[in-house]
1. Please list 3J(HN,Hα) in residue order for the stretch 126-140, calculated via the Karplus relation 6.51 cos²θ - 1.76 cosθ + 1.60 where θ = phi - 60°; whole Hz, with x for glycine and proline.
2. Tell me the net charge near residue 23. Cut-off is 15 Å between Cβ atoms, residue 23 excluded, with +1 for each Lys or Arg and -1 for each Asp or Glu.
3. Along the Cα-to-C-beta direction of residue 45, a point sits 7 Å from the Cα; which residues of the stretch 4-37 have their amide N less than 20 Å from that point?
4. Would you tally the net charge around residue 89, using a Cβ to Cβ cut-off of less than 9 Å, leaving residue 89 out, and scoring K and R as +1, D and E as -1?
5. Under 14 Å from the Cβ of residue 11, count the other residues' Cβ atoms, weight Lys and Arg +1, Asp and Glu -1, and hand me the total.
6. When only the heavy atoms of the protein chains count and the probe is 1.4 Å, how do 124, 16 rank by accessible area, highest first?
7. Per the helix-only calculation at 222 nm, which mean residue ellipticity applies to the chain, given -39500 (n - 2.57) for every DSSP H run of n ≥ 4 and division by its residues, nearest 500 deg cm²/dmol?
8. Leaving out ligands and nucleic acids, note down the accessible area per residue over the chain with a 1.4 angstrom probe, in whole Å².
Amino acid sequence: MVKTTNNLSEPKVAVIAVTYHDNKLLLVQRSKEPQKYGWGYPGGSVDAGESLHDAACRELYEETQVQALAEKTFEVIEVNEFDAKGKHHHFILLAVLCRYISGEAIASDDAMDCKWMSFEQIHIEKDNLIPHVARIAITASKLLDREPSSGYAV
C-alpha cells in the first residue's frame, strides 16, 4: 500500500533506557503502537527542555518503577513504519545505557509486562523481540566490557 505524505507523521525524538543489572537487561512488553505487544526497552518521547538522560530515567521509572543512573548515549535507531491500522509512526530513538540503582520491576504506564533477560536469553529469543533489541544488547554488552560502571552521569 502506498501512503501519501498527508498520512505521514513528523519524526519525534525519543529514548530507550537500556538498563543493566546482574548481567541482565530490562525489557517491557509494549501496550501501544508502534510495535504493540512487542518486547523492547522501556522508553518514550523526550519532553521539551528535558535532557536525553533525564528522559531515559523518567521513562524507565514510569514504565517499570525501576530507578537507574543514565551513563551513556550510544546508538540511534529509526522507527519509521505503519501500524496494523495504517497509522504512520516515525521516531528517532536514542539508546541510553543505564545502571540499575533500585526498585522492583513492575509493569506500569505504557508497559503491559516487564522482565529482566540475560544477554544470552535475548540472543536466543531475538526473533520474538522487537527487531533492534538483540543488536542493542550486543552493543551494550561490549560497552560494559570496555567501560565498567564508574557511578557517574554523563
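1. 3, 6, 9, 10, 4, x, 7, 4, 5, 5, 5, 4, 5, 5, 4
2. Neighbour charge sum, excluding residue 23 itself: +1.
3. Correct set: 6-17, 30-37.
4. Net local charge, residue 89 excluded: -1.
5. -2
6. 124, 16
7. Counting only the DSSP helices, I get -6500 deg cm²/dmol.
8. Normalised by residue count, the accessible surface of the chain is 55 Å².
The values are calculated or read from the model by the stated rules, or taken from the named source; none is laboratory data. All figures in this text were calculated on a predicted structure; none of them were measured in a lab. Please note: Cβ atoms are built from the backbone with ideal geometry, for glycine as well, and neighbour counts cover all protein chains shown. Note: areas computed on protein heavy atoms with side chains; ligands, DNA, RNA excluded. Shrake-Rupley method; radii C 1.70, N 1.55, O 1.52, S 1.80 Å.
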